[in-house]
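The values are calculated or read from the model by the stated rules, or taken from the named source; none is laboratory data. Model, not experiment: these values are computed from the prediction. Cβ placement follows ideal geometry from the backbone for every residue including glycine, while neighbour counts extend to all protein chains displayed.
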Amino acid sequence: MTARTHTLTMPGAMLQRGFWLYVWRVDTPQGEMLYVGRTGDNPSPNAAPPYARMGQHLGHVKASNALRTHLLRVGIAPEECKEFSFIAHGPIYPEQKDMEAHRGPRNIVAALEKELACALGSVGYNVLNTVRSRQPLDSEAWDKVKAAFSEHFPALGRASR
């Protein structure tokens, strides 16, 4: 192992708590793979900033390292990947004060997360995870999310609902 210097640049806005959607783009030895996620917990009124999820996804705590788990499941050690890009959109909604207020935004963003993962997969991107949600999709919110992520994933513009 040879020591090298690496850099990571992050905008200050990614420190904002709230409901965000994000996509990890991973350059793996097997090609590009994506992981779709969101902030805004199901069992609590917390809505962490996206930067907090970055380290958790690649860490070793099983309850929060979903990206690492999915990569290992397909035989890829995260440390063998060439590059990780994290694309975050939000906050779509601010963090709420209590669980009752939290549920509405959480449910909307959960449906958007599912639609984003499905749409990316439907136009040929290799999405590692399957997102499950039975929440109804807010079509107006989806149009905004689709436009935002289409800047980074041009084929997404061809996805139909």
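Worth pointing out:
- Restricting the range 35-72 to residues that are touching a residue at least 40 places away in the same chain (Cβ under 8 Å) and assigned to a helix (DSSP H, G or I) leaves a set whose member that is farthest from Asp98 (Cα to Cα) is Leu71.
- Of everything listed in (1) touching a Phe, Trp or Tyr at 6+ places or on another chain (Cβ under 9 Å); (2) over 24 Å from Thr28 (Cα atoms); (3) not in a helix (DSSP H, G or I), the single unmet condition for Phe84 is (2).
- Restricting attention to the range 119-153, the residues being touching a strand residue (DSSP E or B) at 6+ places or on another chain (Cβ under 8 Å) and touching a residue at least 12 places away in the same chain (Cβ under 8 Å) number 13.
- The selection criterion, being among the hydrophobic types (A, V, I, L, M, F, W, C), farther than 25 Å from Ala13 by Cβ and either at pLDDT 95 or above or in contact with a helix residue (DSSP H, G or I) (Cβ under 9 Å, 6 or more places away or on another chain) (or both), does not hold for Val145.
- Of the residues making up the range 85-124, just one is among the aromatic types (Phe, Trp, Tyr) and crowded, with 20+ Cβ neighbours inside 10 Å, namely Phe86.
- Checked against (1) in contact with a helix residue (DSSP H, G or I) (Cβ under 8 Å, 6 or more places away or on another chain); (2) modelled with pLDDT of 95 or more; (3) farther than 21 Å from Thr28 by Cα, Ala159 passes all but a single condition, namely (2).
- Residue in the range 25-33 that is under 11 Å from the mean Cα position of the chain (by Cα), modelled with pLDDT of 95 or more and surrounded by 13 or more Cβ atoms within 10 Å (Cβ to Cβ) present: yes
- Those residues of the range 103-159 which are touching a Phe, Trp or Tyr at 6+ places or on another chain (Cβ under 6 Å) and among the β-branched types (Val, Ile, Thr), in sequence order: Val109
- Within the range 100-150, the residues that satisfy the criterion of being within 29 Å of Gln30 (Cα to Cα) and part of a loop (DSSP other than H, G, I, E, B) are Val123, Gly124, Tyr125, Asn126, Leu128, Asn129, Thr130, Val131, Arg132, Ser133.
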